[in-house]
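Reviewing the structure listed below.
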Amino acid sequence: LLLNNHATNSRHAGREVKMRYGVDLDLDRDRGVTFPGGTLTDDLDAVLADPDVDIVVQLIGGTSAARNIMLKVLDAGKDVVTANKALLAAHGAELFQRARERGCCISFEAAVAGGIPVIASISESLTANRIESVGGILNGTCNFIITQMQEHGSDYSDVLLKAQELGYAEADPTLDVNGSDTAQKLAILAQLAFELHVDWETIPRKGVDELALQDIQMADALGYRIKLLATAAIGESEPVLSVSPTLVCKDEPLASVSGAFNAVQIVGDAVGPVFYQGYGAGEMPTASAVVSDVIATACGRAALTFDRMRLWSAGDEKVSAPSVEDASVRWFVRVPGEFTCESLAEAIVVDTDSVCECDAGVGAISEPCTRREIQTRLGNLSDSVTILPVL
């Protein structure tokens, strides 16, 4: 994208944007693109010593080596563009502090939701608003799995294998399917929306690996779709964060987001709900976000935004995510078929007419209450039932 759209990128930046180097330890591997002669190197130190290099785009994954490289880049006085959400979620405070000390900026649009411009929306376009909530479908692998289970009636294990064969899921999909990848992205959004330096590992999370086909079938019978949602919303005293399979009414925009697509919904006190949908991963959507950050950095816009944003500021302490156990919401409850509609209705205090019975078992949607209250009402049954939040 940097090579093919050179003229367009430079026009938008108001100055020439040129790829001067590509750095990799393995210079012989096939990258699917031809680098101009002399640009490919394995010598990062030489690149950082070049005064004509203004921006370093860091695209490696992981946290350890990536952290060391970014600190080295910042110490050399270079601005950084990164797509590494795990790095920011784990070491954002240290990296942003170093960038401020060195007079540099860090741009990271591609780190959350790929090609969807959610970072720019919160940090620039929606700054007149007090953000009330932000979240959505932030993992295309999980959304693909749920969609396949919904549309084809397939079990989780079969769909996961298909996702791996199609390249939607990694050989080890654990971080995707258990909600960790989504929690890392949500921690970044919480920083942007609420200036909340949350430890992503403390965010309550439940992944699609715990989802049964019967849950999806029962939700469908009740008029809902299940989506793996990341949610950060203003509570009574502080934001409440969670990652969980969640029931979404079929009429809601989020319910229609299928396949590997991502979607983000932001609610501001002035603008109301704003909805974005697009590819959250893939070479070109990610490249779109990365190159947009390069252009914003080249024209000076990123530096202005970086100075104004209070992300991972000095003095911020990493906090644990507030518990969702005491949040009062509606809950989806599914029990095995040996239970009657009357017994479930009595347990969660709803009318019998609102309880659904089908091949997937017996299920209903509760009135707003806490998860603890639902579990208390179900008593010993709570270990054998599905309890999921309802949007």
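The values are calculated or read from the model by the stated rules, or taken from the named source; none is laboratory data. Keep in mind that this is a model prediction, so the values were computed, not measured. Neighbour counts run over all protein chains shown; Cβ positions are idealised from the backbone, glycine included.
Please count how many residues of the range 153-203 are in a loop (DSSP other than H, G, I, E, B), more than 14 Å from the chain's Cα centre (by Cα) and touching a residue at least 40 places away in the same chain (Cβ under 8 Å). Before the answer, list the steps.
Initially, the range 153-203 is screened for residues in a loop (DSSP other than H, G, I, E, B), giving 153-155, 166-173, 178-179, 195-197, 199, 203.
Checking the rest, the ones that are also more than 14 Å from the chain's Cα centre (by Cα) come to 153-155, 166-173, 195-197, 199.
With the extra rule that they be touching a residue at least 40 places away in the same chain (Cβ under 8 Å), the set shrinks to 153-155, 168, 195-197, 199.
Result for the range 153-203: 8.
Looking only at the range 74-99, count every residue that is surrounded by 18 or more Cβ atoms within 10 Å (Cβ to Cβ) and part of a loop (DSSP other than H, G, I, E, B) and tell me the total.
Of the residues in the range 74-99, 3 are surrounded by 18 or more Cβ atoms within 10 Å (Cβ to Cβ) and part of a loop (DSSP other than H, G, I, E, B).
Given the range 211-306, what strands (runs of 3 or more DSSP E) lie entirely inside it while holding 2 or more residues that are modelled with pLDDT under 95 and within 19 Å of LEU388 (Cβ to Cβ)?
Where strands (runs of 3 or more DSSP E) fall fully within the range 211-306 and carry at least 2 residues being modelled with pLDDT under 95 and within 19 Å of LEU388 (Cβ to Cβ), they are 224-234, 239-249.
Go through ILE146, ILE55, ILE69 for me and flag whichever is in the same structural domain as LEU166 (by TED's automatic domain parsing) and among the β-branched types (Val, Ile, Thr).
The conditions single out ILE146.
If you check ILE69, ILE122, which single one turns out to be touching a residue at least 60 places away in the same chain (Cβ under 8 Å) and assigned to a helix (DSSP H, G or I)?
It is ILE122.
Return the pairs, sorted by first residue and then second, in which the second residue is surrounded by 15 or more Cβ atoms within 10 Å (Cβ to Cβ), the first residue lies in the range 35-49 and is small (Gly, Ala, Ser), the beta carbons are less than 8 Å apart, and the residues are 6+ apart or on different chains.
ALA49/ALA76
Which of the numbered conditions does SER154 fail, given that it passes all the others? Conditions: (1) buried (at least 22 other Cβ atoms within 10 Å of the Cβ); (2) touching a Leu at 6+ places or on another chain (Cβ under 9 Å).
Every condition holds for SER154 apart from (1).
What is the one condition in (1) assigned to a loop (DSSP other than H, G, I, E, B); (2) out of contact with any strand residue (DSSP E or B) (no Cβ under 6 Å at 6 or more places or on another chain); (3) crowded, with 22+ Cβ neighbours inside 10 Å; (4) of a type in the set (Gly, Ala, Ser) that ALA128 does not satisfy?
With (1) assigned to a loop (DSSP other than H, G, I, E, B); (2) out of contact with any strand residue (DSSP E or B) (no Cβ under 6 Å at 6 or more places or on another chain); (3) crowded, with 22+ Cβ neighbours inside 10 Å; (4) of a type in the set (Gly, Ala, Ser) applied to ALA128, the lone miss is (3).
Exactly one of these conditions fails for ARG29: (1) assigned to a loop (DSSP other than H, G, I, E, B); (2) modelled with pLDDT of 95 or more; (3) at negative phi. Give me its number.
That leaves (2) as the condition not met.
If I ask for residues that are assigned to a helix (DSSP H, G or I) and either on the phi > 0 side of the Ramachandran plot or under 28 Å from the mean Cα position of the chain (by Cα) (or both), which ones from the range 45-66 would you list? Before you say what the answer is, go through the steps one by one.
Step one: list which residues in the range 45-66 are assigned to a helix (DSSP H, G or I), which gives 45-49, 64-66.
Selection gives SER64, ALA65, ALA66.
Take the residues of the range 42-73 that are surrounded by fewer than 18 Cβ atoms within 10 Å (Cβ to Cβ) and in contact with an Asp or Glu (Cβ under 7 Å, 6 or more places away or on another chain): which is nearest to VAL290 (Cα to Cα)?
ASP54
Kindly evaluate LYS185 against the criterion of being among the basic types (Lys, Arg) and over 25 Å from ASP293 (Cα atoms). Can you show your working first?
On the way: among the basic types (Lys, Arg): yes; over 25 Å from ASP293 (Cα atoms): no.
Criteria not met by LYS185.
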